[in-house]
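Report on one structure; see the data block that follows.
Please treat every number below as a calculation from the coordinates, not as lab data. Small disclaimer: the values here were computed from a predicted structure and weren't measured. Here Cβ is always computed from backbone atoms with ideal geometry, including for glycine, and neighbour counts include all displayed protein chains.
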Ligand code: F6R
């Protein structure tokens, strides 16, 4: 979603901003802009709709400055037009602002305070910069006081970076609910919504908490609360490697990330088990699960599907019931809870506003929580009682692949650790280290069949407008994830269905040539019922592709995955479906990594 970069005190400000925005492209955006200044020279404001490459072309070679702010916008208020792209400016143009988040009371602020002001676009952000500008330009406050006064009136989520043209050495920032970091350079400082944006410049960062205001100059960072009290804040070293965020020789990040899954599985084994195969999950987390009478997994999208894929083994190994909640629903309608709940937030980014909304409520209720995330130091990680990391490395493609499989594997380590601690007999018999190693090998075997899969995808989906994934048992959850992946990057309308449920209505959509992809695992009862459901759609003209686990396979099946432990088969069964989505998107000539309308990190509710 929207991204912020800013720099003060570096002669290469333009380049730092543009490179930073390029690093944020993966988060999803529809327009972008930068504002660059240098004392004694005319400031420059350049915006464009479309890619950062278009902005770069517009900026040209000659734009020099030593301070600036930049932004990638994912439209919420107002269409993706140049006049709505950030940065925005106050009535006189003295103040310039970029903003991530949503201002809930912008219409009221406009009506109450900004009569007679002229707005170029429709955004909530433009209202904010006019408001701060009014306090400076009309009421005579200094910028810091004006910013503080505006922050006292604003309701909603925000990360702001503000420049006053008359103070050439400073960037003001503030945050509430939206992520923002300070990056520390040698003789200059930076601001960014994601450490990735500035990792070329520094690995030293400083966190900002909600309702804090920061005054950043080239050689100082002053963190304050809204009352003006100065707060101590240590910096930390980001464990990101520049090479992790490159594409290497891959055409798309998604393919690279699909290929990385065997090594992610092995990394998780070395992180969460010792040489003898004993679990090394944080004992405080194990205890938190042991003390709970019910586990509530809160997540969105792909992470929600990973929650379902983990439900059965979590229940069987921890002897604790598991309930799933869609984050955007639970934030505003919490059901009746058990006596001793533990909330588990499954979130690759750790920034999803919908999930965070639930965590805020959980914290208000004083309930314990665990965030399972790929991003150390992310908002949900900081605000939960405990964190377990996914160790999948940065995932840049909008369509999640390796983070999804890492979520299931990490949950398996949690379940096994709790089961072992409880003396659960199924946990004792479940040699997770060995089984996950077999999963890594199964993934490798599927990945070696890419060409065959690409060929089948072309025949099945090249001109398809809609499709179905069907499965039973754990394959129903794989079908949900597989269909999400296909629709999000190929734009083929696709539903994931419990195979037995089709005949209760949806089978009326099956006609001659409708693509149906059936997932069949090595469980004799479910496999034979699933085969029956396949026969039902074939009889109605469906064009069927089968993905079958070894042992359940029959002559004529299309893709065979190597058999793995049933608890982990969601991981091996999802791999062909990731490749199906990838090739369907590629063969349609689409931008695999940056599907339309979507953002990697969804920081608005
Ligand atoms: C789809 C995808 C999304 C995310 C969802 C939640 O490929 O990645 O469905 O899973 O937006 O994001 P996180 O996991 O960051 O909370």
Report summary line: For the chain, the percent of all C-alpha pairs falling in each 10 Å bin, from 0 up to the bin holding the max distance, is 3, 17, 25, 24, 17, 10, 4, 0, 0
Report summary line: The computed P(r) of segment 250-447 puts the percent of Cα pairs beyond 19 Å at 57 percent
Query raised in the report: Quick one: Debye curve from the C-alpha atoms of segment 417-557, no solvent, what's log10 I(q)/I(0) at q = 0.10, 0.12 Å⁻¹?
Result: -0.40, -0.56
Query raised in the report: Among 27, 596, 51, 588, what is the fewest-to-most ranking by other Cβ atoms within 10 Å?
Result: 596, 588, 51, 27
**Report entry** Computed E for residue 77/residue 555 - FRET, C-beta separation, R0 51 angstrom, nearest 0.05
**Finding:** 0.35
**Report entry** Ordering of 131-141, 270-280 by packing [mean C-beta count within 10 Å, highest first]
**Finding:** 131-141, 270-280
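Tell me, what does the Kirkwood hydrodynamic radius of segment 44-109 come to in angstroms if you use every pair of distinct C-alpha atoms? It would help to have the intermediate numbers written out before the result.
Details: mean 1/r = 0.0744 Å⁻¹.
It is 13.4 Å.
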Query raised in the report: Helix 524-539 versus the longest principal axis of the chain: what is the Cα-based angle in degrees, 0 to 90, to the nearest 10?
Result: 80 degrees
Query raised in the report: Taking the simple approach of a point 7 Å from Cα along Cα-to-Cβ for both residue 282 and residue 42, what is their distance in nm?
Result: 5.4 nm
Report task. Could you work out how far helix 569-587 tilts from the main Cα principal axis of the chain, as a 0 to 90 degree angle to the nearest 10? Result -> 60 degrees
Report summary line: FRET efficiency for residue 237 and residue 539 from the Cβ-Cβ distance with R0 = 45 Å, rounded to 0.05, comes out at 0.15
Query raised in the report: Considering the zone a paramagnetic label at residue 444 would reach in this model (a point 7 Å from Cα along the Cα-to-Cβ line), which residues of segment 546-573 have amide N under 14 Å from it?
Result: 562
**Report entry** Fewest-first sequence of 97, 502 by Cβ atoms within 10 Å of each Cβ
**Finding:** 502, 97
Query raised in the report: Which of the peptides 120-127, 446-453 is most tightly packed, and how do the rest follow, judged by the mean count of other Cβ atoms within 10 Å per residue?
Result: 120-127, 446-453
Query raised in the report: Taking neighbour counts of Cβ atoms within 10 Å as a proxy for exposure, in what order, fewest first, do 23, 428 appear?
Result: 428, 23
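Highest first, please rank the peptides 492-500, 457-465 by the mean number of other Cβ atoms sitting within 10 Å of their residues.
On the way: 492-500: 19.9, 457-465: 16.0.
Listed from highest to lowest mean packing, they are 492-500, 457-465.
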Query - Degrees separating the helix 353-364 axis from the principal Cα axis of the chain, which is the longest one - result: 90 degrees
**Report entry** Pair residue 107, residue 53: separation of 7 Å Cα→Cβ label points (nm)
**Finding:** 4.0 nm
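Share of antiparallel DSSP beta bridges in segment 449-590, in percent to the nearest 5? Spell out each step's value before the answer.
Working: 0 of 19 bridges.
Rounded to the nearest five, the antiparallel share is 0 percent.
With a ≥ b ≥ c taken as the square roots of the eigenvalues of the C-alpha gyration tensor of segment 3-243, please select rounded if a/c is under 1.5 and otherwise prolate if a/b is larger than b/c or oblate if it is not? It would help to have the intermediate numbers written out before the result.
Values: a/c = 1.42, a/b = 1.16, b/c = 1.23.
Rounded.
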Report task. Sticking with the crude label model, points 7 Å out along Cα→Cβ, report the distance from residue 274 to residue 588 in nm, one decimal please. Result -> 5.1 nm
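Report for the chain the percent antiparallel among DSSP-assigned beta bridges with both residues inside it, nearest 5.
Numbers: 60 of 100 bridges.
Restricted to the chain, the bridges split so that about 60 percent are antiparallel.
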Query raised in the report: Which length gain, in nm to one decimal place, applies between residue 291 and residue 92 when the Cα-Cα distance is subtracted from 0.36 nm times their residue separation?
Result: 65.7 nm
